[in-house]
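**Student:** Sharing a structure below in structure tokens format, with a few things to ask.
Derivation of every value follows stated rules applied to the coordinates shown; laboratory data play no part. Here the structure is a predicted model, which is why all the values come from computation and not from measurement. So basically every Cβ, Gly included, is an ideal-geometry build from the backbone, and we count neighbours across all protein chains shown.
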Amino acid sequence: MSGSAKETDATDRALVARIAAGDQGAIQALFARHYTRVFRFVMRQVRSESMAEEIANDVFLDAWRQAGRFEGRSRVATWLLAIAYNKAVSALRKRREEQLDEGFAESIADEGDAPETSALKSDKAEALRAAIERLSPEHRAVIDLVYYHEQSVAEVSAVLGIPANTVKTRMFHARKRLAQYLAEAGIDRGWP
């Protein structure tokens, strides 16, 4: 973990301790720091904006209720993503028969790139998003956590509640499938 990541986690841990003591300002600060990340992660899982908003809000409600039980065995961000993942899986089980809005997830812009850069990456990014959408939910979750949320194998293991070796196996198969899907779409492995 880099110095800045350690500082971020130390701040997050201090916020969780304050939340456990009943500090409403601390939950607002934690929400402000992590809501977008949690929402985007859930959105990629459930592919429904309203469901993702509901789940993301529930994550922070659970963080409020469970702050006193946070043991610190993982980063706070990992803890929040684990709560989010479990809630997303439960929601999908409950609403399996509903038609999910598949196009919406593709419309979420990556705020990290300038418009010119986004335009250059657009075709390849669309092909990559389409390829990721073709993955199984298990493989999609691993790819999302590793590449979009920069989680380690151990952290992904904690979020998904599976052994580290299973994470590695899923990662291997997900990458293999992505390469196959991208090749089918005529995209080489070179990225801008």
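**Student:** Take the alpha-carbon centre of the range 1-69, take the same for the range 136-192, and report the distance between them in whole Å.
**Tutor:** With the range 1-69 and the range 136-192 each reduced to a Cα centre, they are spaced 23 Å.
**Student:** Report, in listed order, any pair from Lys6/Lys124; Lys94/Lys124; Lys6/Lys87 with a Cα-Cα distance greater than 30 Å.
**Tutor:** Lys6/Lys124; Lys94/Lys124
**Student:** Which order, highest average first, do 38-45, 178-185, 154-161, 85-92 follow once you tally other Cβ atoms within 10 Å for each residue and take the mean per peptide?
**Tutor:** 38-45, 154-161, 85-92, 178-185
**Student:** At 0.36 nm per residue, and after removing the present C-alpha to C-alpha distance, how many nm does the segment from Gln66 to Arg129 gain when stretched out fully?
**Tutor:** Between Gln66 and Arg129, full extension yields an extra 19.3 nm.
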